[in-house]
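Here's the structure we're looking at; comments come further down.
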Amino acid sequence: MGKKIVILNGSPRKKGNTSALVKSFTEGAESAGNTVTEFFLSGMDIHGCKGCFGGHSSKACPCVQKDDMDQIYPAVKEAEVVVLASPLYYWNMSGQIRTAIDRLFALEEGDGNLLRGHDRSSALLMAAEGNGFDDVVLYYDHLMEHLRWKNLGHVLAGGNMNVGDIKGKTEIQQAYELGKSIK
């Protein structure tokens, strides 16, 4: 039986280079019998965390704010693998995905921690114009340590200035293989 995988796609472009990595990863993961649910964050109404500490992890929608995170919370609760996908913006993930990650904190609040541990794994898919991934990988590794999630790996595709530049590059196959390796 396959795993439940959630992809948080923080790219603003549905057909951009990051989305090409997501597509390839998804094809690999599904070929291995996994179920993949992708959230294209740029098309969702997600507000920034208010830092109110008012969340209740046991509720179906644990945050006091009512927006499209209510679609993401139940999927993440059930997921065995959470994939973070983003273009590289100023040596970090996009604002879209950072906002969603911040809001996942509601799953750590209140009546029990439903985010950390729970035998979850994660992978990081990123595309960029340049190759300065060191800072974002450090952040990702710290996040995995905090969440106590197994790091399944990174696919970091640099040198992609324009939409479609990633086509035919080895990172597309690497994303496919990473998805296929999840069993």
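Normalised Debye scattering of segment 1-53 at q = 0.27 Å⁻¹ gives log10 I(q)/I(0) of -1.02, counting only Cα atoms as equal scatterers and leaving out solvent. Less than 9 Å Cβ to Cβ from Asp45, Lys/Arg counted +1 and Asp/Glu -1: what total charge do the surrounding residues give? Spelling it out: positives minus negatives among the neighbours equals -2. Rg over Rh for segment 139-183 works out to 1.07, both radii taken from alpha-carbon positions and Rh defined as the Kirkwood radius.
Let me check I have the definition right: for the chain, take the eigenvalues of the Cα gyration tensor, multiply each by 5, take square roots. What are those semi-axes in whole Å, largest first?
That gives 26, 18, 14 Å for the three semi-axes.
Ligands, DNA and RNA left out, the accessible area of the chain computed with a 1.4 Å probe is 51% carbon and sulfur.
Computed on protein heavy atoms with a 1.4 Å probe, the accessible areas place Trp91, Trp149 in the order Trp91, Trp149, largest first.
Compute the whole-percent fraction of alpha carbon pairs in segment 1-109 spaced more than 19 Å apart. Here the tail beyond 19 Å accounts for 45 percent of pairs. Counting charges near Gly54 (Lys, Arg +1; Asp, Glu -1) among other residues having Cβ under 13 Å from its Cβ returns a value of +1.
If the segment from Asn151 to Asp70 were pulled out straight at 0.36 nm per residue, it would be longer than the present Cα-Cα gap by 26.6 nm. Computed over protein heavy atoms with a 1.4 Å probe, the accessible surface of the chain works out to 49 Å² per residue. Note on exposure: Lys23, Lys15, Lys169, Lys180 ranked by accessible area (1.4 Å probe, complete protein assembly) read Lys15, Lys23, Lys180, Lys169, with the most exposed listed first.
Pairs of Cα atoms nearer than 8 Å and 6+ residues apart set the relative contact order; for segment 94-166 it is 35 percent. At full extension, Lys77 and Asn92 could sit 2.9 nm farther apart than now, given 0.36 nm per residue minus the alpha carbon distance.
Measuring nothing but how far apart in sequence close Cα pairs (under 8 Å, 6+ apart) lie, relative to its length, segment 1-85 scores a relative contact order of 45 percent.
Sequence neighbours fewer than 8 away in the same chain don't count; with that in mind, list the aspartates and glutamates whose C-alpha is under 17 Å from Lys183. Within reach: Glu27, Glu30, Glu78, Glu80, Asp119.
For the chain, the longest principal axis of the Cα atoms and the long axis of helix 170-180 meet at an angle of about 40 degrees. Over the Cα atoms of segment 65-114, the radius of gyration divided by the Kirkwood radius equals 1.00; this is the Rg/Rh ratio. Mean separation of Cα pairs under 8 Å and 6 or more residues apart, divided by the residue count, gives the chain a relative contact order of 31 percent.
Using a probe of 1.4 Å on the protein chains alone, the accessible area found for His146 is around 90 Å².
The values are calculated or read from the model by the stated rules, or taken from the named source; none is laboratory data. Since this is a predicted model, take the numbers as computed values, not measurements. So basically every Cβ, Gly included, is an ideal-geometry build from the backbone, and we count neighbours across all protein chains shown. Quick note on the areas: whole protein, heavy atoms, side chains included, nothing else; ligands and nucleic acids left out. Shrake-Rupley method; radii C 1.70, N 1.55, O 1.52, S 1.80 Å.
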